[in-house]
Amino acid sequence: MKKLSNNLKGIIYILLGMFIIAFQDIAIKILSTNTNLFLIFFFRSVIGVIIIFLFLKFTKRPIIFKTHFPLLTLVRCLLLFIGFSCFFISLSVLSYPIAVTLFFVSPLFVTILSKFILQENIGFRRWGAVLVGFVGVYLVMNPKFNNLNVYTLFPVFTAMAYATTVVIQHKTADKDSLFSQTFHILFAAILFSLVAGIVLGNGQFDIYESEALQFMFRKWEISFDTSLVLLISLGFTFSIGISFIFQAYRIASPSNIAPFEYILILYALLLGWIIWRDTIDLQSTIGLTLIVGAGLYTFAREIKRKRLVSVQKPLR
């Protein structure tokens with residue numbers, strides 16, 4: 001009975017956490033029109049570090065910065081920074097539901113990488129799920145090869161980078177704690193953002209008409225209106241949302257709660273329509289269904305075969 005109760009609590013934490021993450025994504029999409037991408041990363045990471053540090057202090061938990069895998073930790077942090085930079089850039093030019101849907105191909109990349117890095121035996125059915133999922137990606141991207149929207153590739157790259165970090169964490173999680181890994185990611189984001197700010201922050205490269213390129217190369221400055229409020233709120237939404245999701249994975253069975261992360265697609269569809277009147281056409285709806293179906297089938301097969309690489313870590 002207690003196990004069932006914890007699983008139900010975990011599902012509630014997942015649903016709440018993904019809802020908060022959706023608002024973080026929306027805030028970043030709004031800020032992409034007048035704020036530099038790496039300034040957003042810097043603010044979010046600094047506030048996130050402060051909140052997590054205070055949480056550990058007040059709960060009297062150990063604060064550990066050390067990693068037992070320095071090289072793998074550096075690779076993981078770099079991949080996450082570059083990967084989610086690509087995702088946030090895509091938000092500046094794509095509809096929010098499309099960007100989120102394309103990101104959720106990540107479990108399929110985990111399957112592929114598990115084969116080549118962890119030497120896991122992947123059966124015919126899971127390879128079939130991978131193929132179906134990528135057909136879904138093709139339908140959502142709707143590529144016109146004489147005029148491909150390159151930014152539809154960005155969430156897919158984010159998914160691939162993220163999947164790589166999942167496989168890396170599979171090797172490191174036994175010695176590096178959850179909070180220490182979170183600190184590593186946030187401190188790395190602060191460092192990488194500062195480097196980007198030093199190199200690009202004076203706006204000398206902000207000479208392009210593309211909204212995505214302006215988002216990257218815009219001068220580091222803050223307008224003291226809603227932008228400042230959104231920047232500050234980002235750190236809170238990120239920290240609270242991630243804490244809810246990690247708490248879900250701490251108290252509940254990962255195999256039972258991981259599929260509920262797909263609720264973010266529903267949130268994206270709903271909030272995208274409310275705020276920007278974003279809709280998706282029939283072809284994208286079919287692609288979305290194939291991606292979600294392939295991901296859920298991948299989870300189900302891993303649970304059945306007791307190989308839970310894809311479901312041992314949150315998708316966001």
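Details
- Cβ-based charge dipole, the stretch 1-153, positive-most Cα from Leu79, Ile50, Ala129: Ile50
- Top positive-direction residue, dipole computed over the stretch 164-283 with Cβ charges, set Leu213, Asn256, Leu200: Asn256
- Annotation for the stretch 17-103: chymotrypsin sites (Phe, Trp or Tyr not before Pro) lying in DSSP loop with at most 10 further Cβ atoms inside 10 Å of their Cβ are Phe65.
- Since only Leu191, Gln119, Gln181 are under comparison, the one whose Cα sits farthest along the positive direction of the charge dipole of the stretch 108-233, derived from C-beta charges on Lys, Arg, Asp and Glu, is Gln119.
- Each Lys and Arg contributes +1 and each Asp and Glu -1, all at the Cβ; summed about the Cα centre of the chain, the dipole is approximately 1500 debye.
- Among (i) -0.22, -0.50, -1.16, -1.42; (ii) -0.19, -0.45, -1.15, -1.52; (iii) -0.25, -0.54, -1.16, -1.43, the entry derived from the coordinates for log10 I(q)/I(0) by the Debye sum over Cα atoms at q = 0.06, 0.09, 0.14, 0.16 Å⁻¹: (ii)
- The alpha carbon centroids of the stretch 149-188 and the stretch 34-113 are separated by 7 Å.
- Dipole magnitude of the stretch 168-294 about its Cα centre (Cβ charges: Lys, Arg +1; Asp, Glu -1), debye to nearest 20: 380
- Where only C-alpha atoms are counted, convex hull volume of the stretch 23-79 per residue in Å³: 105
- Compared with the alpha-carbon gap, the fully stretched path from Phe116 to Lys219 is longer by 32.9 nm at 0.36 nm per residue.
- Annotation note: trypsin sites (Lys or Arg not before Pro) in the stretch 126-181 located in DSSP loop regions with a Cβ neighbour count of at most 12 within 10 Å are Lys144, Lys175.
- Ranked from largest, the principal axis spans of the Cα set of the stretch 47-86 equal 34, 25, 9 Å.
- Unit charges on C-beta of K, R, D, E only; dipole of the stretch 1-106, Debye: 620
- 3J(HN,Hα) along the stretch 219-235, derived from phi through the Karplus expression 6.51 cos²θ - 1.76 cosθ + 1.60 where θ = phi - 60°, amounts to 4, 6, 7, 10, 8, 7, 9, 5, 4, 5, 4, 5, 4, 5, 5, 4, x Hz, with x in place of Gly and Pro.
- Seen from all directions on average, the stretch 94-173 presents a Cα convex hull projection of 5.9 nm².
- Kirkwood Rh, angstrom, the stretch 222-272 [1 / mean 1/r, Cα pairs]: 13.1
- Accessible-area composition of the stretch 151-220, carbon plus sulfur, in percent [1.4 Å probe]: 67
- Global form of the stretch 103-232, assessed from the alpha-carbon gyration tensor, a/c cut-off 1.5: oblate
- nm² value of the averaged projected area, convex hull over the Cα atoms of the stretch 1-151: 13.6
- Spin-label model distance (nm) - Lys60 vs Asn142, 7 Å beyond Cα toward Cβ: 5.8
- Cα shape, the stretch 175-310, gyration tensor, a/c 1.5 rule: oblate
- In the stretch 183-289, the chymotrypsin sites (Phe, Trp or Tyr not before Pro) that fall in loop regions by DSSP, at most 15 other Cβ within 10 Å: Phe205, Tyr208, Phe224
- Scanning the chain for GluC sites (Glu not before Pro) that sit in a DSSP loop and have at most 15 other Cβ atoms within 10 Å, the longest stretch containing none of them is 1-208.
The values are calculated or read from the model by the stated rules, or taken from the named source; none is laboratory data. Keep in mind that this is a model prediction, so the values were computed, not measured. For neighbour counting, all protein chains shown are included, and Cβ atoms are generated from backbone atoms with ideal geometry for every residue, glycine included. Ligands, DNA and RNA are stripped out before the accessible areas are found, and what is left, the full protein with its side chains, is counted by its heavy atoms. Shrake-Rupley method; radii C 1.70, N 1.55, O 1.52, S 1.80 Å.
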